[in-house]
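Reading through the structure tokens given below for one structure.
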Amino acid sequence: MSGLIYKNFRVNRWSFLFSVITALLCGLVAVLLGVFMGGSESLRQESDAQNVTLVFIVLYYLAFLLPSMSTSLLFEADENKTASAFAMSVPQGGKGHIESKYFYILILNVVIMFLMFVCDTIATGIFGGKVSAVMMLMMIFFWRMLMNAIEIPFIIRFGSQRGVAIKGAVIFGVFCLFMIYFLFGDISWLIGTEDPVAAFMDWLQSGDIIFWLSLFPFVSAAAYFISCKISVKLFRKGAENYEQ
């Protein structure tokens, strides 16, 4: 298995490097934001800290964006009968071939999460402990794992293009759910405030949502594990549809 994981890193070394550099740049922006703002002295009101935290959340999401966009490319190179036949002929077989890619994606995202955690720790120190988005960083990490868990089986079975389309449909579906909530749900917490950003941050930290957020990492990890098992079973059937 270690040899197959090394192969993925070797073949995708430039993609891995660009992903790490992008993450470092996003983390550096968070740190420099604290430096140029003057640290904790610039956070005179609670809303100031919430606004900075929201900027951190956006930066951390952008840090995970490039790896998510390159997921389909990781599988696209193997979408031919020669590559799939070779994958099934190695001692680990198709099972090892697919599992190694899941491990590669997991390791890449863990590395990015660690880099963002270090940057968040430095930025938190600069702001005197008043600003930290580490919990949302964890949520973004598990959200990316959940998206991969949904996307990869479709890539394995139908090809990279359809897999990307499925992921887009899922994201659009989540967006629609949020829109339905904002149209018909209880948004008095948002309407009755002069600062929507502060209201949104308070909502994220409220008891109404914190319980469901605490369950999300377990759901995401379970979905990723199940997705790997499903992809292993789908690999041979998907390879039958690959072009020569």
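The values are calculated or read from the model by the stated rules, or taken from the named source; none is laboratory data. Since this is a predicted model, take the numbers as computed values, not measurements. Here the Cβ is made from the backbone with ideal geometry for all residues, glycine too, and neighbour counts use every protein chain on show.
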Residue that is nearest to Arg162 (Cα to Cα), among those in region 41-88 that are at pLDDT below 70 and assigned to a loop (DSSP other than H, G, I, E, B): Glu79
Pull up region 94-124, narrow it to residues that are loosely packed, with under 15 Cβ neighbours inside 10 Å and without any contact (Cβ under 8 Å) to a residue 60 or more places away in the chain, then point me to the one that is farthest from the chain's Cα centre (by Cα). Thr121
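Working carefully through the options Phe142, Phe225, find the one that is modelled with pLDDT of 85 or more, buried (at least 19 other Cβ atoms within 10 Å of the Cβ) and either part of a helix (DSSP H, G or I) or among the β-branched types (Val, Ile, Thr) (or both). Walk me through how you get there before you give the answer.
Details: Phe225 fails: buried (at least 19 other Cβ atoms within 10 Å of the Cβ).
So the residue among Phe142, Phe225 that is modelled with pLDDT of 85 or more, buried (at least 19 other Cβ atoms within 10 Å of the Cβ) and either part of a helix (DSSP H, G or I) or among the β-branched types (Val, Ile, Thr) (or both) is Phe142.
Mind telling me which of the residues Ala149, Ala165 ends up being of a type in the set (Gly, Ala, Ser), more than 23 Å from Val11 (Cα to Cα) and at pLDDT 70 or above?
Numbers: Ala149 fails: more than 23 Å from Val11 (Cα to Cα).
The unique qualifying residue is Ala165.
Can you name every residue in region 115-135 that is aromatic (Phe, Trp, Tyr) and in a loop (DSSP other than H, G, I, E, B)? Outline the logic, then answer.
Looking only at region 115-135, we keep the residues that are aromatic (Phe, Trp, Tyr), and these are 117, 127.
Answer for region 115-135, where residues must be aromatic (Phe, Trp, Tyr) and in a loop (DSSP other than H, G, I, E, B): just Phe127.
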Given the structure, is Ile98 among the β-branched types (Val, Ile, Thr), in a helix (DSSP H, G or I), at pLDDT 75 or above and closer than 30 Å to Ile230 by Cα? yes
